[in-house]
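What follows is calculated from the coordinates using simple rules that are stated; it is not laboratory data. Predicted, not measured: the structure shown is a model, and the values here were computed from it. Virtual Cβ from ideal backbone geometry, glycine too; neighbours counted across all protein chains shown.
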Amino acid sequence: MSDRLAGRVALVTGASRGIGAAVAKRLAAEGAAVAVNYASSASAAEEVATAIRGGGGTALVVRADIADSEAATALVEKTAAELGGLDIVVNNAGIARDGLLVRMSDADWDDVIATNLTGAFSVIRAAARVMMKARRGSIVNISSVIGLVGNAGQANYAAAKAGLIGLTKSVARELASRNVRCNAIAPGFIETDMTAALTEPVRMAAMEQVAMRRFGSVEDVAAVVAFLASDEAAYVTGQVLAVDGGMTFV
């Protein structure tokens with residue numbers, strides 16, 4: 001693995017499993033000191049940190065529910081204070097409360113928006129203060145192809161992920177003059193605990209939507225995050241990269 005992120009400090013929200021865990025490990029493997037954030041899975045977050053340290057990297061485990069704006073701000077401040085700055089933020093934390101629109105409760109709508117969209121906003125707002133002062137930084141928001149094309153039974157999730165794309169573009173415009181970039185990734189069907197629970201007929205139907213006829217891996221997403229976080233993407237901001245095997249062409 002390269003050292004293209006050597007000397008950088010990264011914060012990955014929702015990093016105890018799945019895409020977040022893979023991203024944290026990849027950024028660490030490329031030289032970044034990584035704050036591994038989690039909301040409830042302490043043991044899983046510690047496993048990620050142990051793996052990073054076992055590879056010679058630096059990891060800080062920080063519990064915070066980013067749906068709480070004060071907790072999100074404290075998360076950013078703790079990361080910067082203990083790791084010596086903040087160069088990279090990956091907003092990955094997210095939840096799902098699926099259900100048909102006419103049956104969706106206010107709570108299921110509010111909870112998803114609070115974590116997936118407002119939580120990312122709170123983290124970015126706090127991180128921007130640090131990055132603007134340093135006059136450098138890369139923010140990567142993990143959206144979804146659902147935010148691009150929608151999905152029945154996921155009105156709340158789709159709205160949050162689409163909102164994250166709009167947030168990404170606005171942040172990119174606001175912070176560009178301070179050399180702070182903001183991009184989004186829209187993963188498609190990725191092999192995670194969620195997709196592992198799909199029945200075989202549903203899995204096959206989903207794969208029919210993918211031009212490459214396979215699901216992606218969490219490492220596929222992590223590789224794109226690492227690129228966007230690095231100086232190799234120094235002239236890339238306000239963009240949405242679909243990592244979906246050709247599920248969408250937009």
TODO: Using a cut-off of 11 Å between beta-carbons, work out the net charge of the residues near Ala80 (Lys and Arg +1, Asp and Glu -1, Ala80 not included).
DONE: 0
Open item on the list: Report the per residue volume, in Å³, of the convex hull enclosing the C-alpha atoms of the chain.
Closed with: 121
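For the pair Thr50 and Glu208, what calculated FRET efficiency results from E = 1/(1 + (r/R0)^6), where r is the Cβ-Cβ distance and R0 = 30 Å, to the nearest 0.05?
Working: r = 39 Å, r/R0 = 1.31.
E between Glu208 and Thr50, to the nearest 0.05, is 0.15.
Can you tell me the FRET efficiency between Arg4 and Ser105 if r is taken as the Cβ-Cβ distance and R0 is 35 Å, rounded to the nearest 0.05? Present the calculation step by step, with values, prior to reporting the outcome.
Values: r = 45 Å, r/R0 = 1.29.
E(calc), rounded to 0.05, equals 0.20.
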Task: Rg over Rh [alpha-carbon atoms, Kirkwood Rh] for the stretch 112-201 - done: 1.06
Task: Net dipole in debye of the stretch 9-243 [+1 Lys, Arg Cβ; -1 Asp, Glu Cβ; about Cα centre; nearest 20] - done: 660
